[in-house]
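Okay, so here's the structure we're looking at.
Readers should treat all values here as calculations from the given coordinates under stated rules, not as data from a laboratory. Note that the structure is a prediction, hence the values are computed from the model and not measured. Please note: Cβ atoms are built from the backbone with ideal geometry, for glycine as well, and neighbour counts cover all protein chains shown.
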Amino acid sequence: MLKHTPAPWIVRKRQGQTFIYAPTAERIVVSSLRDGWNPAAPEELDANAHLIAAAPELLEALLACYLHVRGGPDGEKAKAALLKATGAERVSDLF
């Protein structure tokens, strides 16, 4: 079972900091990136923020793809990415 904060995650910038949050009643902050603390260019920070914000949807799509291509090299790549993203030991732990 997936245990992360449910989608959608949204990117917002405020006072030199980029927040990725879930727009629930609690407005859960999933992550934050501060422009001045990171040597990456602002464009890279922005791209990273949007990639992080897309994570729940990407994970859901990857799981759906894995179910269709379980065997072969593509299935193994999907399995490895699923385990890395979730911290699970087995894909069966995700169901």
Helix 42-53 axis, angle to the chain major axis (alpha carbon atoms, nearest 10°): 50 degrees
Matching label, log10 I(q)/I(0) by the Debye sum over Cα atoms at q = 0.12, 0.22 Å⁻¹ computed from the structure shown, candidates (i) -0.39, -1.13; (ii) -0.61, -1.12; (iii) -0.48, -1.05: (iii)
Lys, Arg +1 and Asp, Glu -1 on Cβ, resulting dipole of the chain about Cα centre, debye, nearest 20: 200 debye
Helix axis angle, 72-86 relative to the chain longest principal axis, alpha carbon, degrees: 50 degrees
The stretch 10-53: relative contact order in percent, alpha carbon pairs under 8 Å with at least 6 residues between: 36 percent
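At most 13 other Cβ atoms within 10 Å and a DSSP loop assignment: could you name the GluC sites (Glu not before Pro) in the stretch 50-95 that fit?
Taking the stretch 50-95 and a limit of 13 other Cβ atoms within 10 Å, the loop GluC sites (Glu not before Pro) found are GLU89.
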Crossing angle, helix 55-68 versus the chain [Cα axis fit, 0-90 degrees, rounded to tens]: 10 degrees
